[in-house]
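Asks: Please find one structure pasted underneath; my questions will follow.
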Amino acid sequence: MDALNALPAIEALPLYGGRKASASLDIIVVGAGLGGLSTAFCLAQAGHNVAVVEATTSLGEVGAGIQISPNVTRLLFRWGLKDELTKVVVEPSGVSFRRYLTGELVGRTLWGNRMLQDHDAPYYHIHRADYQQLLYRLVKPWIKVHWNSRVTFADPTHISITLQNGETLVADMIIGADGIKSKLRETVAGCTGRPVPTGDAAYRAVIPTEQMHNDPDLKHLVDETEMAIWMGPKKHVVGYCLRAKKEYNLVMLHPDEHTGQASSESWTAEASVEQMRNEFVGWEPRVQKLLGMVKSTLNWKLLDRDPLDRWVHENGRIALMGDACHPMLPYRAQGAAMATEDAITLGVLFSHITDRTQIGPLLHAYQRLRHARATTCQLDSRMNQRNYHLEDGPEQEARDAAMREVMSIELL
Ligand code: FAD
């Protein structure tokens, strides 16, 4: 770790200072997801030559919403995206938790100005396609993207990757941002196993709010801009507004084995709307009405992995980030958020590099800085699977009573 001693203490590093490293590295980032694009931007801003290698032929723009919490909006503002973001996001006023059969409110937390007061940054809801486009436009001038370039092999001895067309690319350092089914993870940590199904799947749909305005039961969901969560046994439904409140995003979490047709691991696989509605028969009228407006739906199998001890290859030149090393259930809405925090950490650390011998120590410093927080998020997300999906009975009643007590001040 001697090379690290030449660097300023980690606590003294600016969160994002636009500082340029005195040694410029050739870096390959594998994957152009939200994590890979953010990493490419941060490393390019730190003065490095970055190439992104992506298996698909263009940006994977999935028709679904995503939540971005203040730990991320704060960073996106520093990257100069404030104005662009405000054009496409919705700022939710808070979140409400309801019982699935009656719609009775058991908890409400107000966000809005409080987010700014407590965290100095807002909470946003955004369409995934808009978010990915924004990041891509931001990073495009600084990097080279190799589309349609699936990595089939990573060679830790020569710090190279081989693409499916046989081409080999060499770099000083490689970052695996290739998602939950990461190829680079096999190289870095020797894990050849597949991700573990969590027993849950997520139906996803976006509906126009035009129809909701005409229904007095649904109008307030748009007017109040509050994220709504209905909790029931083994299932929950999340709804929130997108794109200047013109669209409403629905996520319907349900047990995977009950779908009849196996849910797909792809993020673009269409599923049966009728089957989706059948999963939520008997839920309170607003849920029935919302699902009645859905014209088409995707069904995502929710996969997971146990926390990984090693994010950095023993040669100190290849590392993982985002879902490649810490995939998590979406029940805390922090998967992409953790990937963004990984990206800024890499960017800040590598803005201080002065020679190549520091690559290994800096990658290990990155893992040390990020591992505990990302692992906690992974495990807490699993805990929420249980909390949200309690069966009817004493445990569920105790959960609701606790929520009423904790959040009572904010109930209307
Ligand atoms: P990915 O987005 O999976 O990107 C990996 C990229 O690598 C892809 O483009 C892929 O094509 C490419 N790739 C893969 N293999 C190769 C290869 N061999 N060669 C080249 N390229 C390759 N997170 C939040 O923060 N907030 C939310 O509200 C939220 N909601 C969610 C809702 C659901 C239902 C789900 C399932 C997840 C949610 N998440 C949320 C989590 C978030 O989507 C992920 O954590 C995030 O997208 C991970 O980004 P990534 O870049 O690490 O991986």
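The values are calculated or read from the model by the stated rules, or taken from the named source; none is laboratory data. A quick note: this is a predicted structure, and the numbers were derived from the prediction, not measured. Don't worry about glycine lacking a Cβ; one is built from the backbone with ideal geometry, like all the others, and counts go over all protein chains shown.
Yes or no, residue by residue, for (1) hydrophobic (A, V, I, L, M, F, W, C); (2) within 10 Å of the ligand (Cβ to nearest atom); (3) touching a residue at least 24 places away in the same chain (Cβ under 8 Å):
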position	(1), (2), (3)
Ser160	no, no, no
Gly176	no, yes, yes
Cys191	yes, no, yes
Pro197	no, no, yes
Arg204	no, yes, yes
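Asks: Restricting attention to segment 188-199, report how many residues are among the charged types (D, E, K, R) and within 17 Å of the chain's Cα centre (by Cα).
Replies: Total satisfying the criteria: 0.
Asks: Now for a separate question. Given the residues Val139, Val106, Val95, Val145, which is the only one that is of a type in the set (A, V, I, L, M, F, W, C) and assigned to a helix (DSSP H, G or I)?
Replies: Val139
Asks: Of the residues Arg399, Arg370, Arg386, only one is more than 28 Å from Arg74 (Cβ to Cβ), assigned to a helix (DSSP H, G or I) and within 24 Å of the chain's Cα centre (by Cα); which?
Replies: Criteria check complete, one pass: Arg386.
Asks: Please work out which residue is surrounded by the most Cβ atoms within 10 Å (Cβ to Cβ), limiting yourself to segment 48-84 and to residues that are out of contact with any strand residue (DSSP E or B) (no Cβ under 9 Å at 6 or more places or on another chain) and among the aliphatic types (A, V, I, L, M).
Replies: Leu75
Asks: Out of all the residues in segment 95-127, which are under 19 Å from Val72 (Cβ atoms) and surrounded by fewer than 18 Cβ atoms within 10 Å (Cβ to Cβ)?
Replies: Thr109, Gly112, Asn113, Arg114, Leu116, Gln117, Asp118, His119, Asp120
Asks: Spot the failing condition for Gly63; the list is (1) at pLDDT below 95; (2) within 18 Å of Leu349 (Cβ to Cβ), and only one is missed.
Replies: Every listed condition holds for Gly63 apart from (2).
Asks: Quick test of your reading of the structure: Gln288 fulfils all but one of (1) buried (at least 21 other Cβ atoms within 10 Å of the Cβ); (2) assigned to a helix (DSSP H, G or I); (3) not acidic (Asp, Glu). Name the failing condition by number.
Replies: All conditions pass for Gln288, except number (1).
Asks: Something else: If Pro361 passes every condition in (1) more than 30 Å from Ala23 (Cα to Cα); (2) out of contact with any Lys or Arg (no Cβ under 7 Å at 6 or more places or on another chain); (3) away from the ligand (no atom under 15 Å from the Cβ) but one, which one does it miss?
Replies: It fails just one condition, (1).
Asks: Restricting to segment 214-229, count the residues that are in a helix (DSSP H, G or I) and within 22 Å of Gly112 (Cα to Cα).
Replies: 6
Residue-by-condition table, conditions (1) at positive phi; (2) more than 19 Å from the chain's Cα centre (by Cα); (3) touching a residue at least 60 places away in the same chain (Cβ under 8 Å):
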site: Val53; (1), (2), (3): no, yes, yes
site: Arg74; (1), (2), (3): no, no, no
site: Leu85; (1), (2), (3): no, no, no
site: Tyr100; (1), (2), (3): no, yes, yes
site: Gly112; (1), (2), (3): yes, yes, no
site: Met115; (1), (2), (3): no, yes, no
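Asks: Also, quick follow-up: For segment 16-47, what are the residues that are within 8 Å of the ligand (Cβ to nearest atom) and either outside any helix (DSSP H, G or I) or surrounded by fewer than 24 Cβ atoms within 10 Å (Cβ to Cβ) (or both)?
Replies: If the condition is that a residue be within 8 Å of the ligand (Cβ to nearest atom) and either outside any helix (DSSP H, G or I) or surrounded by fewer than 24 Cβ atoms within 10 Å (Cβ to Cβ) (or both), then Val30, Gly31, Ala32, Gly33 are the ones that fit.
Asks: Return the only residue of Pro327, Pro307 being within 8 Å of the ligand (Cβ to nearest atom), part of a loop (DSSP other than H, G, I, E, B) and not polar (S, T, N, Q).
Replies: Answer to the check: Pro327.
Asks: Hey, another quick one. Out of Thr152, Thr162, which single residue is at pLDDT 95 or above, surrounded by 14 or more Cβ atoms within 10 Å (Cβ to Cβ) and more than 30 Å from His254 (Cα to Cα)?
Replies: Unique residue meeting the criteria: Thr162.
Asks: Show the residue pairs that are 6+ apart or on different chains and have beta-carbon atoms under 6 Å apart, the first residue being within segment 332-353 and over 21 Å from Leu253 (Cβ atoms), the second being part of a loop (DSSP other than H, G, I, E, B) and near the ligand (Cβ under 8 Å from one of its atoms).
Replies: Between residues of segment 332-353 that are over 21 Å from Leu253 (Cβ atoms) and residues that are part of a loop (DSSP other than H, G, I, E, B) and near the ligand (Cβ under 8 Å from one of its atoms), the close pairs are Asp342/Met321.
Asks: Taking the options Arg332, Arg317, name whichever one is within 9 Å of the ligand (Cβ to nearest atom), surrounded by fewer than 22 Cβ atoms within 10 Å (Cβ to Cβ) and not aliphatic (A, V, I, L, M).
Replies: Just one listed residue meets the conditions, Arg332.
Asks: Would you call Ile344 of a type in the set (A, V, I, L, M) and either surrounded by fewer than 23 Cβ atoms within 10 Å (Cβ to Cβ) or not in a loop (DSSP other than H, G, I, E, B) (or both)? It would help to see each step written out before you state the result.
Replies: Values: of a type in the set (A, V, I, L, M): yes; either surrounded by fewer than 23 Cβ atoms within 10 Å (Cβ to Cβ) or not in a loop (DSSP other than H, G, I, E, B) (or both): yes.
The answer is yes for Ile344.
Asks: Is one or more of the residues making up segment 192-201 surrounded by fewer than 16 Cβ atoms within 10 Å (Cβ to Cβ) and of a type in the set (Lys, Arg)?
Replies: yes
Asks: Return the residues of segment 162-174 that are within 13 Å of the ligand (Cβ to nearest atom) and touching a strand residue (DSSP E or B) at 6+ places or on another chain (Cβ under 7 Å); say none if nothing qualifies.
Replies: Selection gives Thr162, Leu163, Gln164, Leu169, Ile174.
Asks: Tell me, which residue of segment 291-304 that is assigned to a strand (DSSP E or B) and more than 20 Å from Ala372 (Cβ to Cβ) is farthest from the ligand (Cβ to nearest atom)?
Replies: Ranking the candidates gives Thr297 first.
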